[in-house]
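Written below as structure tokens is the structure these notes are about.
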Amino acid sequence: MALLRSYVSGRWHTPQDAGRPLHDAATGEEVARISATGVDMAAALDHGRRTGGPALRELTFHQRAALLKALASELREHREELYQLSLRTGATLGDSKFDIDGGIGVLFAYGSKGRRELPNDTVYVDGAVEPLGKGGTFLGQHIATPLRGVAVQINAFNFPVWGPLEKFAPAFLAGVPSLVKPASQTAYLTERLVRLIVDSGLLPEGTLQLVCGSAGDLLDHVTEQDLVSFTGSADTAQRLRTHPAVVRGAVRFNAEADSLNLSVLGPDAKPGTTEFDLFVKQLVTEMTVKAGQKCTAIRRAFVPAELADDVAAAAAERLARVTVGNPASEGVRMGALASLEQREEVRRSLKALLDAGSVVSGDPERVDVVDADAERGAFVSPVLLRAADPERAEPHEVEAFGPVSTLLPYTSTEQVIELAARGKGSLVGSVVTGDAEFARELVLGVAPWHGRLLVLDAEDAKESTGHGSPLPALVHGGPGRAGGGEELAGIRGVLHHMQRTAVQASPTVLGAVTNRWVPGAPRQEGEHPFRKSLAELKVGDTVVAGPRTVTQEDVDHFAEFTGDTFYAHTDEAAARENPLFGGIVAHGYLVVSFAAGLFVSPEPGPVLANYGLENLRFLTPVKPGDSLTVTLTAKQITPRVDADYGEVRWDADVTNGEGESVAKYDVLTLVAKEQRQ
Ligand code: NDP
């Protein structure tokens, strides 16, 4: 039987003993054996720090993003192989897509976000320059740089592909190597994934390592620059969070643990409404996808007391149609739990929940299965319970990590908000209602206990990604019992792997550190910067153009030509009464247009397009007779990795005859990398 290997210190390590068996969740057959005996954890971490980290830090964010995208495309080619192996975890094809396609989707999302939202550089500039002195020679700027350690990623058994990839992608983009430790039960699928990644040859060596088997003394060797990200049970999270090495080094620790997620049906959603149907359908989906082994699944379903009978009947009817059995068989909707141990765990939790409620649908003891042996495979029936008293402790405390949910009747909005808090912090909640006011009250009432909230109604249902799907752009994590951590959330998840540092310095030094021009830093005037390709252009290259006098005729003409005849530009008497202007003023857009007319270099050249303005502010009114001068300075240069042009951000400062700024903004252009012949 296959003995799983670890990929550490640049090679595949074969365990030095026979390992312990891992069983097919549906058939009970042995799938593989696992052991981490002989893995030198300290050496693996060191390899990540010494080999993977430096290689990654040499790449810009855009180069790392391009590798993530290439990796996603490569893995997509191998999906079938992963789906096949995934069957052995008890997952149906639909479940596997959730795990495998979802994981590949995270790589694509970070590949794309990295190029759109991060600079083509190795330093991240966080927020605006802070002036710290009156003279403009002393400034502050927050920057973020990658931690010099390894991101240790300890994953749960339920998402052997998505779990590692959703942690790896932001770490890689940040410039931090990963060491992945999958949960033993389903590690054979993660091992196959890592094998595909290593074989692709796309990633620099040391940026992804794998430990199959027990973590052993791994955490003893983490130091201040490492991170630990954990998904699994609250008990283990607590143990690892307080590990002496983690505490000693103030190691960044992110936990994502089990939680008692809720879904609330609004009082407006009576039988026959779209929202009623959406609620019932979503509840059943969340109970049965991955056989309910999802940290985001709905455990507490709150329904208005007067609708409880209707919801119970509709859900029971849907659940009765769920076929349980061999995940490989046609027509099977729900496969097996990941292991017989998990089934024991679910049965134990169900017993506790039954003390507080009665069964609406399903059988806690037995289940009919298709093409499988109900006892050898880790099968259970989906079980929907109903609590007579929603104030009972059990439904708010006991999580059965399987296809189990409890209906809880509520009688007022205040009550449901109070009961929501009894879960002590959750990953996700959903509110299903067609009443926007109720939605607002609920969202604001329960948000402090949640990392993510979905409000489902007839308007968004068609496009909704559903209660249980964490999304790369949105926070995955939750307060309190849910672990207190945050994953994904777009670039926030990247920054989690970086150190934010406030740098205080002169404009010249800040410009050099951040590769951006900052106000007060030197400018170079010479050849018009619009005549320069990206290869020739330097940050600080400047053109000063003007002056041009704004006349009354210009203002009249602009008003008539554009149709913007607002009184401040056209009616002297009315304009005089305006407390801000005290007379006719030029249109702001006239000022911006004149500035463009001043700084433009009209002949064909490397500038390809103007694609927008940002941060435009009109600071001082411009009156007829004022003269305008514009200073345009190359502020940031971002060559694209996949095109022969890139972006240039220009600082534009339009001043009047007294030297006061009348308008400030950034001009965004696309410029060719080389001179066009
Ligand atoms: P565990 O917390 O036991 O395991 C999670 C991960 O931690 C696994 O990779 C496990 O490895 C590892 N681990 C366990 N002990 C240590 C340790 N001392 N040092 C380092 N790593 C360690 O959770 P389970 O997978 O057993 O699931 C138990 C319960 O957790 C479920 O019933 C459910 O309630 C909850 N859960 C929550 C999930 C979520 O996504 N939030 C997902 C899965 C489970 P190994 O497998 O090798 O022991």
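Some values worked out for this structure:
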item	result
Computed FRET value (nearest 0.05) for residue 527 with residue 214, which takes r as the C-beta separation and R₀ as 51 Å	0.20
Cβ-Cβ FRET estimate between residue 242 and residue 593, R0 fixed at 41 Å, reported to 0.05	0.05
Paramagnetic reach from residue 608 (point 7 Å along Cα→Cβ, amide N under 14 Å) across region 647-677	647-648, 669-677
Two-site FRET efficiency, residue 391 against residue 313, from Cβ-Cβ distance with R₀ of 25 Å, rounded to 0.05	0.55
Label zone at residue 371 (point 7 Å along Cα-to-Cβ), backbone N below 16 Å, region 78-111	83-96
Between 0 and 90°, nearest 10: helix 93-117 axis offset from the chain longest Cα axis	20
Within straight-line cross-link reach of residue 623, lysines at Cα separation under 25 Å, skipping those fewer than 8 residues along the same chain	664
Loop GluC sites (Glu not before Pro), region 374-434, which have at most 15 other Cβ atoms in a 10 Å radius of their Cβ (DSSP)	375, 391
DSSP-defined antiparallel bridges as percent of all bridges, region 426-539, nearest 5	25
Rel. contact order, % - alpha carbon contacts under 8 angstrom, at least six apart, the chain	12
Whole-Hz couplings from phi, Karplus 6.51/-1.76/1.60, listed for region 400-409; x for Gly and Pro	8, 7, x, x, 10, 9, 10, 7, 10, x
GluC sites (Glu not before Pro) within region 570-677, DSSP loop, no more than 14 other Cβ atoms inside 10 Å	658, 660, 674
Contour minus Cα-Cα distance for residue 270 and residue 97 (0.36 nm per residue)	58.9 nm
Near-label residues of region 222-243 by backbone N, under 20 Å of a point 7 Å along Cα→Cβ of residue 50	222-227
Angle in degrees between helix 274-288 and the longest Cα principal axis of the chain, rounded to the nearest 10	60
Net dipole in debye of region 312-380 [+1 Lys, Arg Cβ; -1 Asp, Glu Cβ; about Cα centre; nearest 20]	180
The chain: antiparallel DSSP beta bridges as a percent of all, rounded to 5	60
Reciprocal of mean inverse Cα separation for the chain (Kirkwood radius, Å)	28.3
Reachable lysines, given that their alpha-carbon falls under 18 Å from the alpha-carbon of residue 538 and they are not under 8 places away in the same chain	635, 673
Label-point separation, residue 463 to residue 560 (7 Å along Cα→Cβ), nm	4.4
Cβ-based charge dipole, region 42-138, positive-most Cα from 65, 129, 118	129
Difference of contour (0.36 nm per residue) and Cα-Cα distance, residue 615 to residue 581	10.0 nm
Rounded tilt (10° steps) of 187-200 against the dominant C-alpha axis of the chain	40
Net charge contributed by nearby residues that have their C-beta within less than 15 Å of residue 663 (K/R +1, D/E -1)	-3
Residue-by-residue Karplus 3J(HN,Hα) for region 45-59, coefficients 6.51, -1.76, 1.60, Hz, glycine and proline x	4, 5, 4, x, 5, 8, 10, x, x, x, 5, 5, 5, 6, 8
Cβ-based net charge around residue 398, under 13 Å, with every Lys or Arg adding one and every Asp or Glu removing one	+3
Net charge dipole size for region 565-677 [Lys, Arg +1 and Asp, Glu -1 on Cβ; Debye, nearest 20]	140
Residues of type lysines that residue 290 reaches as a straight line, Cα spacing below 26 Å, ignoring anything fewer than 8 places off in the same chain	97, 167, 181, 281, 351, 424, 462
Unit charges on C-beta of K, R, D, E only; dipole of the chain, Debye	2000
Phi to ³J(HN,Hα) by Karplus 6.51 cos²θ - 1.76 cosθ + 1.60 over region 163-177, Hz, x for Gly, Pro	x, x, 5, 6, 8, 5, 4, x, 5, 4, 5, 6, x, 10, x
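Rule-based calculations on the coordinates, nothing more; no lab input. Since the structure is predicted, the reported quantities are computational estimates derived from the model, not experimental observations. Heads up, the Cβs are rebuilt from the backbone with ideal geometry, glycines too, and the neighbour counts pull from every protein chain shown.
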